[in-house]
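Any read-out appearing in this document is the output of simple, stated calculations on the displayed coordinates, not a laboratory observation. Quick caveat, the model's predicted, so the values are computed rather than measured. Here the Cβ is made from the backbone with ideal geometry for all residues, glycine too, and neighbour counts use every protein chain on show.
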Amino acid sequence: MSKQKFLLLLDDLFEEDPGTLSGEERLEDLEIWDSLTALGFIALIDDEFNLIISGDEIEKCLTVNDLIGLVQQDVVE
Amino acid sequence: MAVARVSGIRIAGIANAVPEAVVINEDSIDIFGEQIVRRINETTGIESRHVASAEICTSDLCEVATHKLLKDLSWEHESIDLLVFVSQTPDYLLPATACSLHGRLGLSPHCVAFDVNLGCSGYVYGLWMASQLMQSGAFKRGLLAVGDTISRIVSPEDRASALLIGDAGSVTALERDDQASDMVFDLGTDGSGESNLIVPAGGFRMPTSTRTQERTVREKSNIRSDNDVFMDGTKVFTFTLRTVPNTVASALDTIGWDMDTVDAFVMHQANRYILRHLAKKMDIPEEKFPICIKDFGNTSGASIPLTMTEMLADTLRQKPQNLILSGFGVGWSWATAAITCGPMVISELSIVSNVPKKMPADL
């Protein structure tokens, strides 16, 4: 998957307009980022990459790019 | 992972009871704000929950359900020779609630009674245990009572669980029957999940004290004490996705069914989001995947029998159904059953208002 397409999926998850997120955003600055959004992120990764990531891995992420980094091998710039 | 097969035991009937008091999730807007409550309701699918008052214990719910079920079955109380009570919210630290319940139900002295401490997986574990014991030939009729009143130990200011938990008690009647279809069970445990769903205080590791009852600000601004239940919802979700499809596949494989053979997949009603994702992941159509959470919330071990009686009553009363039952959560602990059951007695849901105080007379 392209990073651009992945960002569009994250725009949808974060309830933002398409094209809003660049990846640089800090998660703590995004009002909607909480455990419910994390559930949505786990489901999204499972749907798109058939990979189940753990809560511990998500907790280490500080930025949107860190989230994308969890599936780095499957995302192309 | 253990796989077990039980022969010659049938489910004769199921009855459930819930407390009368209903809490509407929208009423918590004052605490969490409108946006959070809306998102939690949309995600979990929960609108309201029956919650126990401080006078209602799990055993009270199970007691009412049992009287009703025995009446509907026309079974004499004296004919019961096994009572298994599965709960994490007992009446006392000791004696076992099964003994208290035995006394209040007026069961016979020859009836074996004991407690099992399990939650979300408890119904299927209990079904396995009771049916396995009965297969030995020592018992003819058994009662499996499963339920919890976890809402009594939820902090109203902990959004991870405050809007999620409802209370219910269930009882399932089991009987020896040579014609009954085999039941297959797949069971497992991963104790490394201990701290992700826990009430830290109140046992012997951390006895209750003035300190443990103090509600303080915890992770993500949630306010909670060590006497309250803690749940890491993200970790529960990951555990569920990693475990449930495998245990369901194992049970199907062992009994020799494919997906089409199954009439319904009755899962522990954790929350609607988890359930819908599981259904999609396992490729199960919506009509075979009953969700019974809108008016009850997550009722711990009682959620599977509650879903059977509230969503499948008409078919279960009339004809045999091939069911997959799967419970998963606190422990981590999980169990899946592949069973053919019905026609059976399904009692109307009992609504329990406050019950008389039942403290022993000398206390």
(request) Could you tell me whether B:ALA4 is under 24 Å from B:TRP334 (Cβ atoms) and either among the aromatic types (Phe, Trp, Tyr) or more than 20 Å from the chain's Cα centre (by Cα) (or both)? (result) yes
(request) Would you be able to say whether some residue in the stretch A:58-72 is hydrophobic (A, V, I, L, M, F, W, C), away from every other protein chain (no Cβ under 14 Å), surrounded by fewer than 15 Cβ atoms within 10 Å (Cβ to Cβ) and over 26 Å from B:VAL37 (Cβ atoms)? (result) yes
(message) Can you report the number of residues in the stretch B:218-235 which are more than 9 Å from chain A (Cβ to nearest Cβ) and either of a type in the set (Gly, Ala, Ser) or in contact (Cβ under 8 Å) with a residue 40 or more places away in the chain (or both)?
(response) 11
(message) Suppose we keep only residues that are out of contact with any Leu (no Cβ under 7 Å at 6 or more places or on another chain), within 14 Å of another protein chain (Cβ to nearest Cβ) and charged (D, E, K, R) within the stretch B:11-55. Which one would you say is surrounded by the fewest Cβ atoms within 10 Å (Cβ to Cβ)?
(response) B:GLU34
(request) Determine which member of the set B:SER209, B:SER108 is over 30 Å from B:PHE230 (Cβ atoms), over 22 Å from the mean Cα position of the chain (by Cα) and free of Cβ contacts under 8 Å to residues at least 40 places away in the same chain. (result) B:SER108
(request) Just give me the residues in the stretch A:45-57 being more than 8 Å from chain B (Cβ to nearest Cβ) and crowded, with 18+ Cβ neighbours inside 10 Å, in sequence order. (result) A:ILE45
(message) Just checking: which of the helices (runs of 4 or more DSSP H) contained wholly in the stretch A:18-77 hold 3 or more residues that are β-branched (Val, Ile, Thr)?
(response) A:35-49
(message) Just checking, does the stretch A:18-37 include any residue being buried (at least 16 other Cβ atoms within 10 Å of the Cβ), in contact with a His (Cβ under 6 Å, 6 or more places away or on another chain) and either within 11 Å of another protein chain (Cβ to nearest Cβ) or polar (S, T, N, Q) (or both)?
(response) no
(request) Check off (1) among the aliphatic types (A, V, I, L, M); (2) under 20 Å from B:THR309 (Cβ atoms); (3) within 14 Å of chain A (Cβ to nearest Cβ) for B:LEU164 and give me the number that stays unchecked. (result) (2)
(request) State which residue is farthest from B:GLN88 (Cα to Cα) when the search covers only the stretch B:273-305 and only residues that are more than 14 Å from chain A (Cβ to nearest Cβ) and touching a Ser or Thr at 6+ places or on another chain (Cβ under 6 Å). (result) B:PRO290
(request) Give B:ALA98, B:ALA54, B:ALA65 a once-over and let me know the one that is touching a Ser or Thr at 6+ places or on another chain (Cβ under 6 Å) and small (Gly, Ala, Ser). (result) B:ALA65
(request) With a cut-off of at least 1 residues that are not β-branched (Val, Ile, Thr), name the strands (runs of 3 or more DSSP E) lying wholly within the stretch B:21-126. (result) B:48-50, B:82-86, B:112-116
